[in-house]
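Have a look at the structure below before the remarks.
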Amino acid sequence: MTISEIGLLKLKPSHSIKDPELQKKLGDIQNGLHEFTGYQFSFLQQARDPSFIYLLGQWESLQSHYQGMHGSTSWKEQVMVMSKYFDFQWMAHYDFLIQDLDLDHCALEIMRFSLTADKKREFGEEATAALRRFNSAADIRALGGWKVDENRDTEEFVVLVPWKDLPMRDEDVRASGSPYEGLKGLADVIDVQY
């Protein structure tokens, strides 16, 4: 099953995302990931705090990431390069295809909902309905899906919305409210970033 990866990196204070050397290294890492997986990978800067950078991409499976890539010399070299510039915050895999999002020139909103396993069915039904409502009313396409990583204590659902810009997001939420309001009562922890 093809899965998507989302990782959050924090740029170390001694570095700038505009640094040409860092830009080249990120391009090299993107190319290496693409060569290994056959999928495009993207780095997106967080609007709220530009020192946070999201890594987004796809893998054929968890095994291809953990056993294939992690065992390779190339991966070990890339981690060494990235750790010079970034502190790793978190990384997770989800059961949707990130390639279905238009990530060019967007302000990506990432909503992570953590909940106990006993709420998963009800949450899933409400999340599916909310995504359907949003995608039928908006001129952009949002995605959502469950975390598939093993060894987790709670369930996690993530929603990605590629807004054209933040004023568009704010205007839409003011005009019609968040399409995900119904999910708030079912989740134990909610983290929204863009």
Taking segment 171-194 and keeping only residues that are surrounded by fewer than 14 Cβ atoms within 10 Å (Cβ to Cβ), touching a residue at least 40 places away in the same chain (Cβ under 8 Å) and in a loop (DSSP other than H, G, I, E, B), one is left with 188
Are there any pairs with C-beta distances below 7 angstrom linking a residue in segment 54-73 that is free of Cβ contacts under 8 Å to residues at least 40 places away in the same chain to a residue that is surrounded by 15 or more Cβ atoms within 10 Å (Cβ to Cβ) and not hydroxyl-bearing (Ser, Thr, Tyr), with the two at least 6 apart or on different chains, and if so which?
-> 69/36; 69/75
In segment 53-86, anything over 18 Å from residue 27 (Cα atoms), at pLDDT 80 or above and surrounded by 13 or more Cβ atoms within 10 Å (Cβ to Cβ) is listed as 59, 60, 61, 62
Expected single match for over 20 Å from the mean Cα position of the chain (by Cα), within 25 Å of residue 15 (Cβ to Cβ) and among the hydroxyl-bearing types (Ser, Thr, Tyr) among 73, 116 is 73
Conditions (1) open to solvent by 20 Å² or more (accessible area, probe 1.4 Å); (2) in a loop (DSSP other than H, G, I, E, B); (3) modelled with pLDDT of 85 or more; (4) within 25 Å of residue 2 (Cβ to Cβ) -> residue 149 fails only (1)
Conditions: (1) assigned to a helix (DSSP H, G or I); (2) open to solvent by 80 Å² or more (accessible area, probe 1.4 Å); (3) in contact with a strand residue (DSSP E or B) (Cβ under 9 Å, 6 or more places away or on another chain); (4) among the hydrophobic types (A, V, I, L, M, F, W, C). Residue 168 meets all but one. Number of the miss?
-> (2)
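The values are calculated or read from the model by the stated rules, or taken from the named source; none is laboratory data. Predicted model only: the values in this text are computed from it and were never measured. Using ideal geometry, Cβ is built from the backbone for each residue, glycine included, and neighbour counts are taken over all protein chains shown. Ligands, DNA and RNA are stripped out before the accessible areas are found, and what is left, the full protein with its side chains, is counted by its heavy atoms. Shrake-Rupley method; radii C 1.70, N 1.55, O 1.52, S 1.80 Å.
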